[in-house]
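Quick notes on the structure that follows.
Coordinate-derived values only; no laboratory data. Remember, predicted model here, so these are calculated numbers, not experimental data. All Cβ positions, even for glycine, are placed from backbone atoms using ideal geometry, and neighbour counts span all protein chains on display.
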């Protein structure tokens, strides 16, 4: 590698899991100040983590994403069970 151009980008160690995100109602609706935001839903890593500020590792949020994804889909389809 003697001839350019050369490019670089800094790489920093970090955590891939969010420690804070949108809070949710039981139907997956995003909330602000305890009030649901009409038409805004979240699941998985874009939602408030079920483990709090702890990230357990790769794949830990998949169950959360699947469960809330199903709840959101049912709510949007008018088939919510609660």
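With R₀ set to 25 Å, the beta-carbon distance separating residue 25 from residue 51 gives a calculated FRET efficiency near 0.85.
When each of the peptides 2-8, 27-33 is scored by the mean number of other C-beta atoms lying within 10 Å of its residues, the order from highest to lowest reads 27-33, 2-8.
The distance between label points at residue 9 and residue 37 comes to 2.6 nm (points 7 Å beyond Cα on the Cα→Cβ vector). As a calculated quantity, the FRET efficiency between residue 1 and residue 65 at R0 = 35 Å, using C-beta atoms, amounts to about 0.25.
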